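Chemist: Quick one: the structure is below, and I'll ask about it shortly.
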Amino acid sequence: MLLAADVGNTEIVLGVFDGEVLRQTWRLSTRAEQTSDELALQLAGLLEHRDLDLRRDLTGMCVASVVPDLTTAFREMAAAYLTFAPLIVGPGIKTGVSVATDNPREVGADRVMNALAAFSRFGGPTVVVDFGTSTNFDVVSAEGEFVGGVIGPGIQVAAASLVSRTARLPRVELVAPPSVIGKNTVECIQSALIFGTADMVDGIVARISDELGARPTTVATGGLAP
């Protein structure tokens, strides 16, 4: 079985594949200081809950990480507890995606994997909108190249920044208010966060479409995807 790990700034998403079949997924909070031993203990417990064994059942591991310390921790965990080295997605790894940007080595593994998955399923051109700690727009050409995109603050980051930089604005639940025109402070903040994010997505995708000269398939993903 293959363990796939998507290590983001806020969450680690784990999936176990039995051939082409996704058997199980888990979400863990990201802690950059987590050690290889802690990772092994968590993973062993999650697998045991599904009658799987860390050493017996795992035959491969693929890690796409944007947290360097945890990339190292996964590599060290495999060395200490498993009988194989993990495949770490990064510069020099042949993914099948050509990265046509000014500096391909700076493109995050998560964005490359988004491009690969989107083009494999939908062809191109495609825009992947990844709602996470940041809101990323990953643009894939008709030929399957990652050609760049847009990176902005995620909706939770925007909400937390608003609260931390003001004296009286409260934290709010991230749900759409009944109308754009808020009738109280909570609704006003929710309107900006929810409708503002929606309009940002619509507007940026429209601008990308104009630059590409074609209407791309738009795919939403990430822990905060609608």
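Chemist: Is it the case, given these coordinates, that residue 152 is without any contact (Cβ under 8 Å) to a residue 60 or more places away in the chain, surrounded by 14 or more Cβ atoms within 10 Å (Cβ to Cβ) and in a strand (DSSP E or B)?
Modeler: So residue 152 fits the description; yes.
Chemist: Restricting to the range 79-97, and then to whatever is touching a strand residue (DSSP E or B) at 6+ places or on another chain (Cβ under 6 Å) and part of a loop (DSSP other than H, G, I, E, B), can you tell me which residue is farthest from residue 13 (Cα to Cα)? Step through it out loud before you land on a result.
Modeler: Let us first name the residues in the range 79-97 that are touching a strand residue (DSSP E or B) at 6+ places or on another chain (Cβ under 6 Å), namely 86-89, 97.
Add one more test, that the residue is part of a loop (DSSP other than H, G, I, E, B), and what stays is 86, 89, 97.
Working: 86: 16, 89: 15, 97: 22 Å.
My answer is 97.
Chemist: Considering 214, 159, which residue is under 27 Å from residue 119 (Cβ atoms) and small (Gly, Ala, Ser)?
Modeler: Numbers: 159 fails: under 27 Å from residue 119 (Cβ atoms).
The conditions single out 214.
Chemist: Quick check on my filter: what residues within the range 13-63 are exposed (fewer than 13 other Cβ atoms within 10 Å of the Cβ) and among the hydroxyl-bearing types (Ser, Thr, Tyr)?
Modeler: Selection gives 25, 29, 59.
Chemist: For the range 35-78, what are the residues that are outside any helix (DSSP H, G or I), modelled with pLDDT under 95 and in contact with a helix residue (DSSP H, G or I) (Cβ under 6 Å, 6 or more places away or on another chain)?
Modeler: 64, 65, 66
The values are calculated or read from the model by the stated rules, or taken from the named source; none is laboratory data. Predicted model only: the values in this text are computed from it and were never measured. Reconstructed Cβ throughout: ideal geometry from the backbone, glycine too, with neighbour counts over all protein chains shown.
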